[in-house]
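Structure first, commentary second.
Nothing in this text is a laboratory measurement; each read-out follows from the coordinates by a stated rule. Bear in mind that the values here come from a model prediction, so they are computed numbers and not experimental data. As a convention, Cβ positions derive from the backbone with ideal geometry for all residues, glycine included, and neighbour counts pool all protein chains shown.
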Amino acid sequence: MKVITIAGTPSSGKTSVLLHTLNLFKAEGIKTAAVKFDALATQDHDLYQRRLGIPAIRGLSDYVCPDHYYVSNLEEVLAWGHEQGAALLVIETAGLCFRCAPHINGVPAVTVIDNLSGLGAPEKMGPALKLADVVAITKGDLVSQAEKEVFLHRVRQVNQTARAFHCNGLTGNGVLALKRMIDQWPEVPSLTGLKLRYSMPASVCSYCTGEIRVGRNFQTGNVVKIHVANQN
Amino acid sequence: MLQIKTEDLAPEVPRMASITLLAGRDKSGRGEPLPQLSVEAGQSLAVVGPTGSGKSELLSDIEQWADRDTVTGRRLVVSDGPTGRPHDGGGIVARLSQKTSFVMDSSVEHFLHIHAECRNRGQETIVEQTLDAANQLCGEPIRLGTSLQVLSGGQSRALMIADIAFISDAPVVLIDEIENAGIDKLKALSILSASDKPILVATHDPILMLMAPRRLVMREGGMQRVIETSPEERERLAELRRMDAHLCRARDLIRAGDTLQEREPAL
Ligand SMILES: Nc1nc2c(ncn2[C@@H]2O[C@H](COP(=O)(O)OP(=O)(O)OP(=O)(O)O)[C@@H](O)[C@H]2O)c(=O)[nH]1
Ligand SMILES: Nc1ncnc2c1ncn2[C@@H]1O[C@H](COP(=O)(O)OP(=O)(O)OP(=O)(O)O)[C@@H](O)[C@H]1O
Ligand SMILES: [Mg+2]
Ligand SMILES: [Mg+2]
């Protein structure tokens with residue numbers, strides 16, 4: 001089974017791009033399955049089921065750190081994909097903070113970013129963009145050619161090795177490029193023992209364990225303070 | 001902070017001498033009557049046909065570098081261009097359509113500089129050239145200090161066209177329905193042609209159709225035939241342009257709060 005991880009800012013077009021891409025596989029009779037990881041709510045699994053008729057599930061991290069929840073459930077999700085008899089399993093993630101990246105060494109990693117997010121967005125996005133193998137840039141239909149070119153340039157400044165391309169999540173124009181890449185990618189036999197491309201935060205402070213009060217007195221464990229002095 | 005060499009950033013996209021689209025199937029799966037379509041650099045081709053006849057789809061095939069793997073089964077071949085299909089990059093086309101607008105919040109000058117910078121172009125002259133060209137296309141002149149967000153529809157369209165002609169590095173230009181932009185269409189086409197790229201214009205506007213030396217007729221998703229604009233048609237074009245100008249004048253007057261005179265000068 002092929003596996004890909006797909007990350008991106010909220011509403012950047014991850015599901016839209018995947019729906020069009022998976023539809024191309026469907027047309028070739030290739031079985032696909034989708035998993036959506038999110039923090040509090042999502043209807044994406046429902047979209048995959050209804051629009052493509054493929055098996056799809058979701059995992060909501062709820063009160064657990066979304067990043068940790070995601071990595072803790074990868075083996076389960078892979079096993080589920082195998083049970084569905086899928087030849088391609090896509091793992092869509094959202095709700096992760098952009099301090100982290102869901103991408104795994106040895107698993108093709110796609111990051112979606114949209115042209116409307118501002119020219120500063122690529123630089124701010126962190127490891128999810130920096131460590132991706134493929135960057136799909138959406139919503140180019142809404143901006144000028146010039147802005148598309150500048151945005152792509154900014155993406156390249158952050159990630160020089162990724163294959164970056166423009167595509168339209170509404171019409172599907174451009175997703176063929178992604179489909180062609182997936183065709184070339186190898187299967188991922190197992191996730192066990194593979195390593196995240198970027199480590200997750202060392203979050204062991206009182207807030208990790210349910211503290212909700214604001215103030216020094218309530219902060220214990222790994223607490224880091226802002227440097228307010230000498231910043232100007 | 002990442003340090004990056006500028007050479008890595010703007011890989012020069014080679015000019016393409018021509019692009020050729022090899023026929024596939026129309027909507028009902030029949031082979032297309034026209035076996036192949038070629039457009040040379042600096043040439044423009046109008047794509048005409050009723051709504052739903054496959055004009056936009058044809059432009060998509062070019063944009064996606066179709067290789068018998070799109071819904072139409074067409075195949076794109078370029079001569080004197082990159083040999084493989086470029087997986088990386090913004091693709092091979094600059095596309096202009098009705099929906100595009102500027103979303104950036106900056107001055108025209110800053111914006112053109114940013115774009116020229118990431119294309120590795122000599123900045124001063126190219127920014128001026130681009131603005132000059134844009135100002136030939138629209139009525140109200142655009143100033144360098146103007147914010148992109150206050151440009152009128154016609155002004156932004158003009159700036160986009162000039163920018164595609166002078167700064168963009170995509171070797172092919174696709175234009176999908178820009179008729180209502182309120183800009184000088186003939187000049188727009190000639191500025192784009194001067195940039196020496198193949199240009200395809202999908203349109204419902206008879207003036208744009210006749211402005212291109214050739215036009216492709218689409219029907220039911222298939223390429224039917226290519227028609228060369230005849231000398232008679234070019235004469236008719238002059239007449240249509242006068243009518244268009246007449247209509248524009250009336251529109252401008254009414255818009256400006258004036259009233260139309262009883263006797264407008266005859267066409
Ligand atoms: N105009 C335009 N809209 C797009 C494009 N891609 C996605 N959208 C729209 O953007 C919205 C969000 O798209 P989704 O695909 O749900 O985004 P997502 O990244 O999966 O969102 P989450 O999973 O909720 O984080 C939808 O309304 C899409 O129709 C695009 O290329 N152009
Ligand atoms: N050769 C083809 N085979 C299958 N489907 C096609 C083919 N050509 C076009 N289509 C489909 O037909 C529909 C209409 O085509 P398209 O949008 O390109 O029309 P258009 O000429 O651009 O129309 P409009 O003038 O309204 O913009 C689209 O869904 C497109 O995917
Ligand atoms: Mg989604
Ligand atoms: Mg169209």
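Near residue A:106, within a Cβ-to-Cβ distance under 13 Å, what is the net charge of the other residues, with Lys and Arg +1 and Asp and Glu -1?
Numbers: positive: A:2, A:195, A:197; negative: A:133, A:187.
With Lys, Arg at +1 and Asp, Glu at -1, the net is +1.
Here is the link list: A:130/A:195; A:139/B:55; A:14/B:27. Which ones come out longer than 25 Å on Cα distance? Mind dumping the intermediate values first?
Values: A:130/A:195 16 Å; A:139/B:55 21 Å; A:14/B:27 29 Å.
From A:130/A:195; A:139/B:55; A:14/B:27, over 25 Å: A:14/B:27.
Kirkwood Rh over alpha-carbon pairs of the protein assembly as shown, then Stokes-Einstein at 10 °C and 1.306 mPa s: what D in µm² s⁻¹, rounded to an integer? Calculated translational D: 63 µm²/s.
Candidate membrane-span-like segments in chain B, meaning DSSP H helices with Cα atoms spread over at least 15 Å of their own axis and a Kyte-Doolittle mean of 0.5 or above, are B:153-166, with no membrane implied.
The value given for chain B is a Kirkwood hydrodynamic radius of 20.0 Å, derived from the mean inverse Cα-Cα separation. Taking the DSSP beta bridges in the stretch A:2-201 as the whole, what percent of them are antiparallel, to the nearest 5? Bridges in the stretch A:2-201 that DSSP calls antiparallel: roughly 5 percent. Relative to the dominant Cα principal axis of chain A, helix A:145-158 is inclined by about 60°. Between residue B:77 and residue A:97, the distance separating the two model label sites (each 7 Å from Cα on the Cα→Cβ line) works out to 5.6 nm. Look at A:214, A:112, A:71, A:155 and count the other Cβ atoms within 10 Å of each Cβ; fewest to most, that gives A:214, A:71, A:155, A:112.
Each part reduced to its alpha carbon centroid, the stretch A:1-40 and the stretch A:214-228 end up 39 Å apart. Spin-label model, residue A:83 to residue A:205: label points 7 Å out along the Cα-to-beta-carbon direction sit 3.9 nm apart. For A:137, B:161, A:104, the sequence from fewest to most other C-beta atoms within 10 Å is A:104, A:137, B:161. Rounded to the nearest 10 degrees, the angle from helix A:175-184 to the longest Cα principal axis of chain A is 90 degrees. Shape class of chain A from the alpha-carbon gyration tensor: oblate, with a/c at 1.5 or above and b/c at least as large as a/b.
Using the Cβ-Cβ distance between residue B:220 and residue B:20 with R0 set to 25 Å, the FRET efficiency from 1/(1 + (r/R0)^6) comes to roughly 0.70. Beta bridges from DSSP with both residues in the stretch A:90-206: antiparallel share about 10 percent, rounded to the nearest 5. For chain B, the relative contact order comes to 27 percent (Cα pairs under 8 Å, sequence separation of at least 6). Taking other residues whose beta carbon is less than 11 angstrom from the beta carbon of residue A:46, and scoring Lys, Arg as +1 and Asp, Glu as -1, yields +3.
Ranked by how many other Cβ atoms sit within 10 Å of their own Cβ, fewest first, the residues B:19, A:182 fall in the order A:182, B:19.
Per-residue ellipticity at 222 nm for the protein assembly as shown, helices alone: DSSP H runs ≥ 4 residues times -39500 (n - 2.57), over residue total, nearest 500 deg cm²/dmol?
When only DSSP H runs of four or more count, the value is -9500 deg cm²/dmol.
Charged neighbours of residue A:22, selected by a Cβ distance under 15 Å, balance to +4 (K, R count +1; D, E count -1). Label-to-label distance for residue B:186 and residue B:238 is 0.9 nm, based on points extended 7 Å past Cα in the beta-carbon direction.
Compute the FRET efficiency between residue A:183 and residue B:249 as 1/(1 + (r/R0)^6), taking r as their Cβ-Cβ distance and R0 = 41 Å, and round to the nearest 0.05. So the FRET efficiency works out to roughly 0.15.
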